[in-house]
1. Beyond 19 Å, what percent of the Cα pairs of segment 84-184 remain?
2. For segment 29-168, give the magnitude of the charge dipole about the Cα centre (Cβ charges: +1 Lys/Arg, -1 Asp/Glu; no others), in debye to the nearest 20.
3. Taking a cut-off of 13 Å, what percent of all Cα-Cα pairs in segment 136-184 are separated by more than that?
4. Taking only the alpha carbons of segment 49-104, what extent do you get along each of the three principal axes, in Å, biggest first?
5. Among Lys100/Lys144; Lys38/Lys163; Lys98/Lys128, which pairs are too far apart, with a Cα-Cα distance over 25 Å?
6. Starting from the eigenvalues of the Cα gyration tensor, five times each then square-rooted, give me the equivalent ellipsoid semi-axes of segment 25-155, largest first, whole Å.
7. Multiply the residue gap between Thr152 and Glu71 by 0.36 nm, knock off their C-alpha separation, and tell me the result in nm, one decimal place.
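Where a number appears in this text, it was derived from the coordinates with a stated rule and is not lab data. Note that the structure is a prediction, hence the values are computed from the model and not measured. In this analysis, Cβ positions are derived from the backbone assuming ideal geometry, glycine residues included, and neighbour counts consider all displayed protein chains.
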Amino acid sequence: LKEELLTVCVSSRATNAEPDEQAFLMNNHIRIVHLMEKPSVIPILTQWFIDEWTPWYGPGGQGNAKQDLEECSSCNVLPICLIALSENNTVLGTGALKTKSVGSKWSDGPWMSALLVDEVHRYQGVGKALIEAIEKEARQLGFKFIYCSTNTAESILQRRGWKTNGAAETLRGSVPVYRLNLTK
């Protein structure tokens, strides 16, 4: 198994988390690991996907969250899924690097997708840490560009140098497509 972990300090921005949980995250670290290193979290992530993207993964939707996650269980071939864990192995968030995503008409990829942070851990640096780790994965795999379609992580992407590259239609409406040049 690939042992490389990315550890980043979590910011101290206030959240809706319980005070004890806030203190834990503010004063400790998160680890980013490949899903294949902790497949036991697939049921948790499956429910998160259903709750977050109900039109696609919910009842009557075309997607299968569990299957999509199981297909991301690699560390050197796309699709790759990363998860953010606290020091006590609580799942904080997830993100993937895939060949296709919403907006694939703009490029063959790779695509950063399925970026999702547990609601109580949002605005604490988890999303940023996942994005940094996904960018690093893409570089290590030799990609020159990476794409993302989102309307929830726009400010993080823009601060990290991602540029708008068009728009894509989703089941929830239009979202901007971003591109990052990994050679800079």
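1. 40
2. 500
3. Everything past 13 Å amounts to 56 percent.
4. That works out to 37, 25, 19 Å along the principal axes.
5. Over 25 Å Cα-Cα: Lys38/Lys163.
6. Here the semi-axes work out to 21, 18, 15 Å.
7. 26.7 nm
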